[in-house]
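First comes the structure, then the notes that go with it.
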Amino acid sequence: MDVKQFFENVWNDYIGVTPQAQQINQLFKRTYGSIINDHIAFRTFNLSPLSIGELEHIILEMDYSFDKEYKFAEKKLYAKSYIHSDEAMPMIFFSQLLTDQLSQKSQNIIFDLVKQVDQKRSRESGFLYSGQVWEMPTYEEYLVLLKESEYAAWLSVMGMRANHFTLRVSSISEALDLVEKNSFLLNTSGGRVKGSPELLLEQGATLADSMMVTFKDGIKHAVPTCYYEFAKRYLDHSGKLYRGFVTSSADKIFESTNQGGK
């Protein structure tokens, strides 16, 4: 698939469950005239056919290449970032939950979801914006996952889609001020601004939107969907724009989808 078409399709799916994203996007265009998409992020499980190793071909076939890997011990996550040969294209951040580090009860719930995935469909580029690729869990199952891993609970109901897009900004504090001034809530976990100029990256994010879903057992409940991120990148020692990620910051950005807005 053409990479620009891919991003358009991912964006259209993303704003379908994240109304704030379209509003923020238009706000920044009105305010600054033009915007830059810094990166997008996907979440998955480390189980076949959903592991990063089995899905990354979709990205690699669009002229992306692996850049760096990251580990988040507390959240039981492993991640990889990818860069495009055209530096104007957004980076891609792909994380996966290390399900073997969860309780057997949670693992069984996740296994039951993953075994429903159509393996042929999982090899197609559209899979990364296909949303729910299994039946909804029961509300009780969702709560089991939620107690142990917010990430697992989120993925169980939101499926395969970008969990955030990111605007590259010239001033992180100015960007967050603009967002707050327009009544969008921010993720303050770890501070309003995550990172620092010394780390070559400053980040901030909104709290995720929410939507009502119907669980497999008929129970209806609101769940977090997706959020919008903002990133200020600095030049590294060689004079090039830093294109990596800071694990301590990303760890807190993940919490934009937490229940209760933590």
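The table that follows gives values for the structure above.
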item	result
Hits in region 40-54 (condition: within 15 Å of the chain's Cα centre (by Cα) and not hydroxyl-bearing (S, T, Y))	I40, A41, F42, R43, F45, I52
Residue in region 28-37 that is in contact with a Phe, Trp or Tyr (Cβ under 9 Å, 6 or more places away or on another chain), among the aliphatic types (A, V, I, L, M), in a strand (DSSP E or B) and in contact (Cβ under 8 Å) with a residue 12 or more places away in the chain present	no
Residue in region 13-24 that is charged (D, E, K, R), modelled with pLDDT of 95 or more and under 17 Å from the mean Cα position of the chain (by Cα) present	yes
Qualifying residues in region 73-92 (those that are in a strand (DSSP E or B), surrounded by 18 or more Cβ atoms within 10 Å (Cβ to Cβ) and in contact (Cβ under 8 Å) with a residue 40 or more places away in the chain) - the one nearest to the chain's Cα centre (by Cα)	I92
Number of the condition not met by I253 [criteria: (1) among the aliphatic types (A, V, I, L, M); (2) within 22 Å of Y78 (Cβ to Cβ); (3) surrounded by fewer than 17 Cβ atoms within 10 Å (Cβ to Cβ)]	(3)
Which numbered condition V114 misses (of (1) surrounded by fewer than 16 Cβ atoms within 10 Å (Cβ to Cβ); (2) farther than 30 Å from Y242 by Cβ)	(1)
Conditions (1) touching a Pro at 6+ places or on another chain (Cβ under 7 Å); (2) within 16 Å of Q22 (Cα to Cα); (3) not charged (D, E, K, R); number of the one not met by F215	(2)
Options E229, E180, E198; residue that is of a type in the set (D, E), closer than 17 Å to D38 by Cα and modelled with pLDDT of 95 or more	E229
Residue in region 213-240 that is nearest to R168 (Cα to Cα), counting only those that are in contact (Cβ under 8 Å) with a residue 60 or more places away in the chain, among the aliphatic types (A, V, I, L, M) and touching a strand residue (DSSP E or B) at 6+ places or on another chain (Cβ under 8 Å)	A231
Residues of region 102-128 classified as part of a helix (DSSP H, G or I), more than 30 Å from V3 (Cβ to Cβ) and under 21 Å from the mean Cα position of the chain (by Cα), total	1
Residue pairs meeting the criteria (Cβ under 7 Å; at least 6 apart or on separate chains; first of a type in the set (S, T, Y), in region 162-190; second at pLDDT below 95)	S189/K252; S189/E255; S189/K262
Options E135, E140; residue that is assigned to a loop (DSSP other than H, G, I, E, B) and more than 20 Å from the chain's Cα centre (by Cα)	E135
Residue pairs meeting the criteria (Cβ under 7 Å; at least 6 apart or on separate chains; first under 23 Å from Y142 (Cβ atoms), in region 100-128; second exposed (fewer than 15 other Cβ atoms within 10 Å of the Cβ))	Q116/E135; F127/R121
Listing of strands (runs of 3 or more DSSP E) fully contained in region 150-223 that carry 1 or more residues being crowded, with 20+ Cβ neighbours inside 10 Å	162-168, 194-196, 201-205
Contacts under 6 angstrom Cβ, first residue in region 39-62 being charged (D, E, K, R), partner not in a helix (DSSP H, G or I), 6 or more apart	R43/S95; R43/N163
Of all residues making up region 67-88, the number that are among the aromatic types (F, W, Y) and more than 19 Å from L98 (Cβ to Cβ)	1
Residue under evaluation L145, criteria (1) assigned to a loop (DSSP other than H, G, I, E, B); (2) at pLDDT 95 or above; (3) not small (G, A, S), criterion not met	(1)
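The values are calculated or read from the model by the stated rules, or taken from the named source; none is laboratory data. Predicted model only: the values in this text are computed from it and were never measured. Note: ideal-geometry Cβ built from the backbone for every residue, glycine included; neighbour counts use all protein chains shown.
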